[in-house]
Amino acid sequence: MIYTGELYHKCDFSQHLASTVSRHLQKMGLQPVREIIVADRVIEARVNHARWIADCPHCRSADFVFTPELLFMCANCGNDSSYQCYQVAVPGNRSAIEAVLSERDKIENRNWEPGQTVQELESEGGD
Ligand SMILES: [Zn+2]
């Protein structure tokens, strides 16, 4: 299993924004997110320890990728205080990547970086 946001948090992206993300933003002295506004900016998803995540390009925080929304809002900086969600690109062969990674017993070995092919994952081996 490779976790997406909705599997891990058991809610959809808009619920995640209204709860976890908004609470954390307020702790950081920022505003809660009141509506979903999508910016014309795309960031790439990666797999880290069996989780689909995306890295914030502003503050180096990261968060789960939610499907099917494929939107990102950093709970640390509100995407540089713009409060606009970024679009998240996931690879077209996502299911093939998940299949290879899911065969690995150790969660810490379930990793994928953008551009890495399924063949490269298979040749890494690992357990
Ligand atoms: Zn950030």
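The values are calculated or read from the model by the stated rules, or taken from the named source; none is laboratory data. Not measured: the values here are computed from a predicted model. Neighbour counts run over all protein chains shown; Cβ positions are idealised from the backbone, glycine included.
Cβ-Cβ contacts under 7 Å between residues 6 or more apart (or on different chains), taken from a first residue in the stretch 93-108 that is of a type in the set (A, V, I, L, M, F, W, C) and at pLDDT 95 or above to a second residue that is part of a helix (DSSP H, G or I) and exposed (fewer than 13 other Cβ atoms within 10 Å of the Cβ), are listed as V100/E122.
Filtered by the rule that a residue be out of contact with any Gly (no Cβ under 9 Å at 6 or more places or on another chain) and either at pLDDT below 95 or more than 7 Å from the ligand (Cβ to nearest atom) (or both), the stretch 54-76 gives A54, D55, P57, R60, A62, P68, L70, L71, F72, M73, A75. Only one of the numbered conditions (1) of a type outside the set (S, T, Y); (2) touching a residue at least 40 places away in the same chain (Cβ under 8 Å); (3) over 23 Å from F13 (Cβ atoms); (4) surrounded by 14 or more Cβ atoms within 10 Å (Cβ to Cβ) is violated by V65, and that is (3). Output yes when any residue across the stretch 1-9 is modelled with pLDDT under 95 and outside any helix (DSSP H, G or I), and no when none is. For the stretch 1-9, residues modelled with pLDDT under 95 and outside any helix (DSSP H, G or I): present.
Are any of the residues in the stretch 83-94 on the phi > 0 side of the Ramachandran plot and surrounded by 14 or more Cβ atoms within 10 Å (Cβ to Cβ)? Yes, some residue in the stretch 83-94 is on the phi > 0 side of the Ramachandran plot and surrounded by 14 or more Cβ atoms within 10 Å (Cβ to Cβ).
Against the list (1) more than 10 Å from the ligand (Cβ to nearest atom); (2) polar (S, T, N, Q); (3) surrounded by 18 or more Cβ atoms within 10 Å (Cβ to Cβ), the condition N79 fails is (1).
Of all the residues in the stretch 74-96, those that are under 10 Å from A39 (Cβ atoms) and in a loop (DSSP other than H, G, I, E, B) number 3.
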